[in-house]
1. Can you tell me the dipole magnitude for the protein assembly as shown around its Cα centre, using point charges on the Cβ only (Lys, Arg +1; Asp, Glu -1), in Debye to the nearest 20?
2. Report, in whole Å, the centroid distance computed from the Cα atoms of segment B:379-454 and segment A:225-251.
3. So, counting K/R as plus one and D/E as minus one, what does the shell of residues with Cβ under 11 Å around residue A:160 add up to?
4. When a footprinting reagent is the concern and you count Cβ atoms within 10 Å, what order do B:16, A:237 take, fewest first?
5. Please compute the Cα-Cα pair-distance distribution of segment B:591-646 with 10 Å bins starting at 0, giving whole percents from short to long.
6. Out of all DSSP beta bridges in segment D:137-299, what portion is antiparallel? Express it as a percent rounded to 5.
7. Pull up the DSSP beta bridges for chain B and report the antiparallel fraction as a percent, rounded to 5.
8. Between residue A:144 and residue A:86, what length in nm is gained on full extension when 0.36 nm per residue of separation is reduced by their alpha carbon distance?
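No value in this document is a laboratory result; all are computed from the given coordinates. None of the values given here were measured: they were computed from a predicted structure. Cβ: placed from backbone, ideal geometry, glycine included. Neighbour counts: every protein chain shown.
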Amino acid sequence: MPEKPKVAFYWCASCGGCEESVVDLAEEILGVVNAVDIVFWPVAMDFKKQDVEAISDGGILVSLINGAVRTSEQEEMAKLLRRKSALVVAYGSCAHMGGIPGLANQFDREQILRYVYEESPSTINELHTRPQTASPEGGHTLTLPEFRSMVRTLDQVIPVDYYLPGCPPVPRMLKAALDTLLSGNLPPKGTVLGPDTAMCEECPRKESKPADLAYTAFRRPHEVIIQPETCLLAQGVICMGPATRGGCGAQCVTGNMPCSGCFGPTSRVMDQGAKILSAIASSLSAKETEGIDRTLATIPDPVGTFYRYGLPGSLLRRKIADHN
Amino acid sequence: MPETNGHDAPRVGFYVCHCGHNIAGIVDVAEVARFAGTLPNVIVARDYKYMCSDPGQELIITDIREHRLNRIVVASCSPLLHEHTFRVATEKGGLNPFYFQMVNIREDVSWVTENHDAATHKALDLVRAAVRRVAHHRSLATKHVRIHPDVLVVGAGISGIHAALTLANAGKKVTLVEREPTIGGHMAMFDKTFPTLDCAACILTPKMSAVKNHPNITLWSYSEVSEVSGYVGSYTVKVKRKPRFVSEELCVGCMECIDACVYKEGKTPDEFNQGLSKRKPVYIPFPQATPQVVLIDPDTCIEFKSGRCKKTCVEKCDRNAIDFKQKEEIKEIQVGTIILATGFKTFDPKRIPYYGYGKYPNVYSSLEVERLVNASGPTGGDLVLRDGRHPKTVGIIHCVGSRDRNTNRWCSRTCCMYSLKLAHLLKEHSEAEVYNFYIDIRAAGKAYEEFYDKLLEENIHFIRGRVAEVTDWSARPEEEGKMIIRVEDTLIGVVRRVPVDMVVLAVGMEPQADSQDVRRMFNISCSTEGFFLERHPKLAPVDTFTDGIFIAGACQGPKDIPDSVAQAGAAAAQALSLIDAGEVELEPNTAYVVEESCSGCKSCLNICPYTAITRDETRQKAFINEALCKGCGTCVATCPSGAIRQNLFEDEQIFSEIEGLLQEKESVLTGGGAWRAPA
Amino acid sequence: MASTGMKQGTNGWEPRIVAFFCNWCTYTAADLAGVSRLRHAPNARVIRVMCSGRLDPQFVLDAFARGADGVLVGGCHPGDCHYMEGNYKALRRVRLLQRMMKDMGIHEDRFRLEWISASEGEKVKTTINTMTERVRALGPLGLPERFAEWDEEMDGLAHAIAAQEEAVHA
Amino acid sequence: MSYLYFPGCSLRSTGRPYEESILAVFRKLNIPLKELDDWNCCGATAYVSIDENRAFTLAARNLAIAERMQNNGNAGEDLMAPCSACYLVLEKTQHYMKTDEGVNTEVTAALRRGGFDYKGTTKVRHPLDILVNDIGIERIAKAVVRPMKGMKVACYYGCQVVRPFETFDHAAYPTTMDRLVTALGATAIDWPMKARCCGGSLTGTIQEAGLRLNRALLKEAEKRGANIILTCCPLCQHNLECYQKRINRRFGESIHIPVAYFTQFIGLALGIPRKELGIQRLFIPLKFADPPTKEAHAHA
């Protein structure tokens, strides 16, 4: 029997949802396990870093890495897996675009550490102790990974071959992606393994959107009772669907919540936030600055709204601390 | 010729123009060419004295053939000036004309930059951007549209009349729309015209009746254009025809109804006579009015106000022309070209309170004086003042509302000459002493200076200085009961007080009060002062930035009669050249939807002001009607998933331009790195 | 973390401004400024678009990301748009984009929208001059340099890994 | 309706009766005035001619304080500046801050260094404007207890409140004060000198020219039958009132006409005691106003 192709899974700064989504393959996971040899999967299997190091360079067919990159350890593992793998897939929104952890790029490192270790209401830390990368302890030195100054997407740390979008990716797409990669019939490098039209295409509410929408105010989901069959934008709720790659089957909208953009932009768009901003702003009703500002004031957090999953991967990447 | 090599790897030919010294005097053109030669894809890079000349264009054509070029970049003047020229050269070389990109290093660089290094540096950035951009250019087909042969002329003063007659004589159908009840405009109010002193009516009225009788002219007086849509070659225009309450078909202009009116005397200030006389509710502006049709003013007519008039006018009219129930009508016409000749308004001298207009009864505007000295005017040409006196001294104040930072900065061009004319006429009518208060006498026209010379010999006084005020503050006994003109006589350097009986304010020419509304309706631009903006101040003086719409006469700027007529003829010729060509090329910069990329999200549908975007309901995708799209690109910027693209302004073309502008590394000057702007 | 954003320091630095001008008003006005020889700061680089409505917010962000210190957008005055309402769309986008960029720490003086009609050559001059001066006062934004500077923290690890590998292979 | 109030230096020196009468009249009309916190020199006259931008900066600091007060409990309160010179330089600063980017940049930077972030929202108002356009002539007329019948008033505006900015009245023929005094029962004479030069500081520098200019104004007022001149500017009032003797000596005239602040005149009509209006500070006494004299009745 020929050797089965080797596959590795790894998680960086992630919530674990991506790992869950692998398990969500349900019975199909057995087919996957049959077809491949999983050589590394910290969340589920007891392989160590040394085991990976022992594999010859390029010996793994594909590594699926989820989570954003925030620490030196994540960088190190990403680099190791890159060396050992023929293909690397950025798995899920965080690896793809920075994801929810990427929102931390609105704050600098010091702000975050101070808040987390000193100022947050649940913290008692009278000595103002902060984690150190190296601390001597009984003749030994204990080390911790370094907390980097910002969150990065996977492809800002290592070259990435493919992307599987979503928070988390849907099992159907994972299955299709694995099938494609195992088939050897590879798409061009850099491809996002999903459809390339916006989510609206598959949205059940799309026909209910009026053609002459003119916004006078926006409302956040908790401020309104969302009608279950009408386009959310028509209800004044910002839905990222028009600027977000489809493939999820309009899950959030089906659950009566607006799309928040986790699949990222289509291949033709560089900056998802800029594009939805453009589309929404263009359809405001007001024509003069004052009225426009009044309407826009109902979007309290433009960055958090338009870049919920994509700040580190956006054109600006992070907030500039010295306010220039 | 079908282009064959457009889709191969880009092979760019680059040309930088010296434009004599215009560019080369500031920008180091040799360095620009050398630099361009180092850029990726550039096969040939040359500098040449005048790229727009025949040998310059020939250079491009030959290079395309010899070096198998498939992209052309020319760095010279503004694309608004010569883009077309170089596209044609590109096409002559065998390429699709849209494989061309232009870099503006004259208007945007050499003409606005002092420092040579900074100018060269800026030129290099722009060149790099264009070279990158042109790699993304694609082959496009030019659109052609047919030109409807009918023409709309708006405004029937001397300019509109002349343009309409020129076109009609060439066999074109013209609709001439005039807002007032009669055609003729300001010229019809004038007494004599400078410098020949021939009577305005004598030369104008034959043209007015020619308009009325011309088989190719449809005259709609007392009408206004209310809506314009479409584009060059195919404009749809709605015209509002205001009710005269007198049938234009039935009325023969006998004016018996006017005599019969229950008002024995007129009570309303007569518009045509500048309020110097009164008219009745039923009236005709002046005896030679065209059309010769009376009209009823519903604001003052008793029948309209109370409905209880004896209607003696109706009784008197044996043709039953009077119709109190007449309604406003909206007419719609199709034309291919439009000439705007909407004229001017005179400056309102009340805006300069220290000249006393409206405060002292014997202060007149020049237009009032035109009526006052006119034999068919309110006094039959007798120079009698509002207080019944005949003036012994008259002061004419020049530049009222002209050459003045507080009101209008421009020279109205006509006031000097008409002031001289009025000085002559006033002297002739009254034997009064006439003083002209002027800043400069501008008599730049054929036989104008000679006319001024003649006036100098007629014992008319000229005092050089801008008048400070007209006041009744008398400081000496001889000033009692007079108006005193205070002025610094700048030739002798003293302040003078000149007591006069009559003051004439030589008011300047201004844009019509509604010129902004009108130009918006026709989608053309205005200069800052509000006159319609020509496409090029020298080379396209009657064209506008909207194809197929031309301007003539004082709506474009202050003008006298000869200039207005000349411009009207030019505008008519421009319209004729379009009509006779039969069709016109359009820039293929339209937007289009890449159907497989469109999610059908409808974000674009309400963005297009021309309703060019519709949604194919069966396929649930957006669709752009190319014929309606005007190429603004707003929907392209709006489309949240990048499914709409715009020819000539594709995303990747603009992104590559941005990248090129900012990619500093390649742009190291031979003379050394850093450059500084002048402090 | 105070960053200068510029490795080479500010000596000899000149603001770089990318300007998007609409064809019918502002670009024409810029031509007029040229014809009238209204000399002004050489810091703006003009990209011509047919209408300010073509302004994709991505262009603005991309310009900054590629090293622009300022972005200027010029369109027709309200009510004067050659395409009727493109400039209103530009205004709305710009207002939202300005708020977003402020939240991202980019000073408001770096991104400006001006209405400049075809006849306002003088305004082209003063707008470019004042914008240049304001941006000059702010100093370089230098995003590409900042990106590189931010990523330097990963170099140490990269070097360590390289050294380790060398040792293994040796 | 309430206002922030910028006194400026004149109202604390030669113009004291102006301030006294303004405060009294506004008190009587129940319009609260709140003096601007920590105000400084308005920047007018000499400063403007030496370094305009610094003058604008001085003025702008006052504007910025006003804006700050508006944002802290004095919302919507315009800044009243009774002295014409203060009024003009404040207006001018507002104008250039809005229209001239060079001025704006420099002044804004200076203000920032002083801890001010001025957004340009302060509106500068002259009391004449406020009385006529905000409070309204009708309301003032209703409050009149002592109609000024028989008074023939030459309303004199001077230059700075109307030129170069025609903010609330006409540049050459202003009428607000005329309408106001008419409502008080007086007769406003029509004269062409309303906004003509009072000589400004020429009376102190090139006195011959200054005196000539004042003579023209005073003579024309008398010639047209005025028995009082009213002004709305401390410098105009000073020039017209204080040089009458000298003019008579120099030119052999016999001019003798009271020159008061328009707010003093309103105060008298509203029945405010003379002392509260600073009437006693005038050099040429206002005899006729207390109570109406026989002559006044004869005129009526």
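1. It works out to roughly 4460 debye.
2. 72 Å
3. Result for the local shell: 0.
4. A:237, B:16
5. Binned Cα distances yield the sequence 28, 63, 9.
6. Details: 1 of 9 bridges.
So the antiparallel bridges in segment D:137-299 amount to around 10 percent.
7. Working: 50 of 99 bridges.
Percent antiparallel among DSSP bridges in chain B is about 50.
8. The span from residue A:144 to residue A:86 would gain 17.9 nm if fully extended.
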